[in-house]
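Asks: Here it is, the structure, as structure tokens.
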Amino acid sequence: MGRKRSSQKQPIRPARKKLKPKTENQENYIISMAEADVTFCSGPAGSGKTAVAVGMACEYILSNKVEKIVITRPVVESGRGIGFLPGTLTEKIHPYMVPTIEEIKLYLGIETYNSMRATNTIEICPLEYMRGRNFHNTFMILDEAQNATFEQIKMFLTRIGIGSKAVINGDLDQTDLRGEAFGGLRRCMSSLSNLKGVQICELTNEDIVRNGIISRILNRLK
């Protein structure tokens, strides 16, 4: 007698999200990341700054174009750094990175994401802890860069190693910085415009793909 087939159904794994531009500006953003060593992207919430950059990073890691993904962002709570927060470094940074982590899981699948996190192929690091390090063959993303100072962005750029790409994105209209720290992202974008190896991209309210109401709200609240 042959073996009985198991009646237990195998779990259905959701299909991985594919990187596909939804607007012309997003397509230009993808082209810029492919062609440049460093890409700056500004735009409002929901326009795809982070989602497209993360999607590109995942495409690169899956096709072995890079060996590592590093994602960072400035973390400041009530004007203080994360040092005062309880827990380990990972526990301190995790609440701030949840949206980005969820996006990576969509592109890679949960199993692949967990495996890459366990081997540090995907590293999530606070910007404040990147000083003194170098990242070779790495796709680097600085998210929420509107809350980074000029010196912090400059430090991030000097972490770029051989065979690496860097993407810096942020919403110029939603910075939490004040006083002398204000305007670091805008200053970097202005200073590095037309520099070989650097691309500057801009997404607008027309690129918001979450919900049409967001674009209408932002236009009214200008």
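The values are calculated or read from the model by the stated rules, or taken from the named source; none is laboratory data. Treat the numbers as computed from the prediction; the structure is a model and nothing was measured. We place every Cβ from the backbone using ideal geometry, glycine too, and count neighbours over all the protein chains shown. For the accessible areas, the whole protein counts, side chains as well, though only heavy atoms, and no ligand, DNA or RNA atoms are used. Shrake-Rupley method; radii C 1.70, N 1.55, O 1.52, S 1.80 Å.
Asks: By how many nm would the segment from D173 to K196 grow when fully extended, if each residue of separation counts as 0.36 nm and the alpha-carbon distance is taken off?
Replies: 5.6 nm
Asks: Mind checking the full-extension length gain between R117 and R16? Use 0.36 nm per residue of separation minus the Cα-Cα distance, one decimal, nm.
Replies: 34.6 nm is the gain from fully extending R117 to R16.
Asks: Enumerate the amide H contacts of V167 below 5 Å, restricted to partners 5 or more residues apart or on another chain; note that Pro and chain-start residues carry no placed amide H.
Replies: It is T39, M140, I141, L142, by chain and number.
Asks: As a test of reading the structure, rank K18, K196 by solvent-accessible area (1.4 Å probe, protein chains only), most first.
Replies: Output order, biggest surface exposure first: K196, K18.
Asks: Once both labels are modelled 7 Å past Cα along the beta-carbon direction, what's the T158-I101 spacing in nm?
Replies: 3.1
Asks: In whole Hz and in residue order, list the ³J(HN,Hα) couplings for region 34-43 that follow from phi through the Karplus curve 6.51 cos²θ - 1.76 cosθ + 1.60, θ = phi - 60°; x for Gly and Pro.
Replies: Each residue of region 34-43 in turn: 5, 8, 9, 7, 10, 10, 9, 9, 10, x Hz.
Asks: I214 to E27: FRET efficiency via 1/(1 + (r/R0)^6), r the Cβ-Cβ distance, R0 22 Å, to the nearest 0.05?
Replies: Given R0 = 22 Å and the Cβ-Cβ separation, E is 0.60.
Asks: Using only protein heavy atoms and a 1.4 Å probe, report how much of Y107 is accessible, in Å² to the nearest 10.
Replies: 10
Asks: Can you send over the solvent-accessible area of E103, 1.4 Å probe, protein chains only, in Å² to the nearest 10?
Replies: Its heavy atoms expose roughly 30 Å² to the probe.
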